[in-house]
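Novice: Here it is, the structure, as structure tokens.
The values are calculated or read from the model by the stated rules, or taken from the named source; none is laboratory data. This structure is a prediction, so every number in the text was calculated from the model and none was measured. Quick reminder, even Gly has a Cβ in these numbers, built from the backbone with ideal geometry, and neighbours come from all protein chains shown.
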């Protein structure tokens, strides 16, 4: 597998298609008030580091690190269905973690859905542990909050 992970713009066609697929999946699984994804355009903000994984020119996955005071928050981590099980998610997480370290952040946090078992396993394999809500999140019965100290 010759997959590369590089900085990208969320609004470019390949990454946009991945994010649209991710958001469609979230909308199919959860009611609107339980979806916490950012609008695609917001993922190109100055305080967000957005990455996409490519094989040749084909986008396979994406993910973002939102740099916040005292921590980084993972957003929009997604791997296309056809690319799952190939290590793309692990490559994205490694790049996002390196970026958080480069930003001198002491920890990474995330919110994901309770129905996303494969994502939970991926995060746990990479050292994330379940924690309570953080930031503006509230307990809603379907969110799973995780954290990794760097």
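Novice: How many residues are under 15 Å from the mean Cα position of the chain (by Cα) and assigned to a strand (DSSP E or B) when one looks only at segment 113-144?
Specialist: 3
Novice: Out of segment 9-56, which residues are in a loop (DSSP other than H, G, I, E, B), touching a helix residue (DSSP H, G or I) at 6+ places or on another chain (Cβ under 8 Å) and over 20 Å from residue 115 (Cβ atoms)?
Specialist: First pass over segment 9-56, keeping only residues in a loop (DSSP other than H, G, I, E, B): 9-12, 30-31, 35-39, 45-47, 56.
The next check asks that each one be touching a helix residue (DSSP H, G or I) at 6+ places or on another chain (Cβ under 8 Å); those that pass are 9-11, 35, 37.
Once the filter is applied, which keeps residues that are in a loop (DSSP other than H, G, I, E, B), touching a helix residue (DSSP H, G or I) at 6+ places or on another chain (Cβ under 8 Å) and over 20 Å from residue 115 (Cβ atoms), segment 9-56 yields 9, 10, 11.
Novice: Something else about it: Given the options 110, 96, name the one that is surrounded by 15 or more Cβ atoms within 10 Å (Cβ to Cβ), under 13 Å from the mean Cα position of the chain (by Cα), in contact (Cβ under 8 Å) with a residue 12 or more places away in the chain and assigned to a strand (DSSP E or B). Let's see the steps before the verdict.
Specialist: Values: 96 fails: assigned to a strand (DSSP E or B).
Result: 110 is the single residue among 110, 96 that is surrounded by 15 or more Cβ atoms within 10 Å (Cβ to Cβ), under 13 Å from the mean Cα position of the chain (by Cα), in contact (Cβ under 8 Å) with a residue 12 or more places away in the chain and assigned to a strand (DSSP E or B).
Novice: How many of the residues making up segment 60-83 are surrounded by fewer than 21 Cβ atoms within 10 Å (Cβ to Cβ) and either modelled with pLDDT under 95 or closer than 14 Å to residue 18 by Cα (or both)?
Specialist: So the answer is 4.
Novice: Another one. Report yes if some residue within segment 14-30 is more than 18 Å from residue 82 (Cα to Cα), under 14 Å from the mean Cα position of the chain (by Cα), free of Cβ contacts under 8 Å to residues at least 40 places away in the same chain and surrounded by 12 or more Cβ atoms within 10 Å (Cβ to Cβ); otherwise report no. Break it down stepwise before answering.
Specialist: Residues of segment 14-30 more than 18 Å from residue 82 (Cα to Cα): 27-30.
Imposing the further condition that a residue be under 14 Å from the mean Cα position of the chain (by Cα) reduces the set to none.
No, the conditions are met nowhere in segment 14-30.
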